[in-house]
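The numbers here are math on the coordinates, done by the rules we state, and not lab data. Because the structure is a prediction, the values reported are computed rather than measured. Quick reminder, even Gly has a Cβ in these numbers, built from the backbone with ideal geometry, and neighbours come from all protein chains shown.
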Amino acid sequence: MSSSPFYRFVSWAAVLALALLSLVPGSVRPHTGLPGPAEHFLAYFLTGVLLGARKRGTAYRIAVVVSLSIASGIFELLQNFIPGREAGVFDFIVSSAGAAFGVCAVAIACHYMCKQRMQKHQRSAPEDVRKR
């Protein structure tokens, strides 16, 4: 979990990048070469990882998933008014799934790392502390 100014900047820069890449005309948007749904999933997955790693707590992580899903829906609706772009329910679903999987991946990794840290701490604790 990191709340350093640099990490906050990077995580919010990812959100800004999602907004910009979602709302520019199709002819201007860079393409990775991946299929559209894969681009959506990957972009929201990485943003979910960055935002999900900022703080611990289920409520915060649920808020991240819900917020990214709402943003994805808004971006898809706005694409109806942007030349060369078209909105799609499937793109919304894939984007929301990417955000959810990204946040879940962080939650699982954090749980595993905390568990490892506790086991390491228990092994290094003096005998009388372990008996309490």
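Of note:
- At R0 = 35 Å, FRET efficiency that the Cβ-Cβ distance of residue 27 and residue 116 yields, to 0.05: 0.10
- Charge dipole magnitude, Cβ of K and R +1, D and E -1 - region 5-126, Cα centre, debye nearest 20: 920
- Positive dipole terminus of the chain, leading residue within 25, 80, 13 (C-beta point charges): 13
- Computed from backbone phi with θ = phi - 60° and the Karplus coefficients 6.51, -1.76 and 1.60, the 3J(HN,Hα) list for region 53-70 is 7, 5, 9, 8, x, 5, 4, 4, 5, 5, 4, 5, 4, 4, 5, 5, 5, 4 Hz; x is used for glycine and proline.
- Efficiency of FRET from Cβ geometry, residue 17 and residue 81, R₀ 25 Å, rounded to 0.05: 0.75
- Residue 37 sits among other residues whose Cβ lies under 13 Å from its own Cβ, and their net charge, with Lys and Arg +1 and Asp and Glu -1, is -3.
- By average C-beta atoms within 10 angstrom, highest first, the peptides 61-70, 94-103: 94-103, 61-70
- In a fully extended conformation the segment linking residue 7 and residue 62 would gain 17.8 nm over its present Cα-Cα distance, using 0.36 nm per residue.
- Simple spin-label estimate for residue 105 and residue 38 in nanometres, 7 Å along Cα-Cβ: 1.5
- Mean Cβ count within 10 Å, highest first, over the residues of peptides 46-53, 29-36, 7-14: 46-53, 7-14, 29-36
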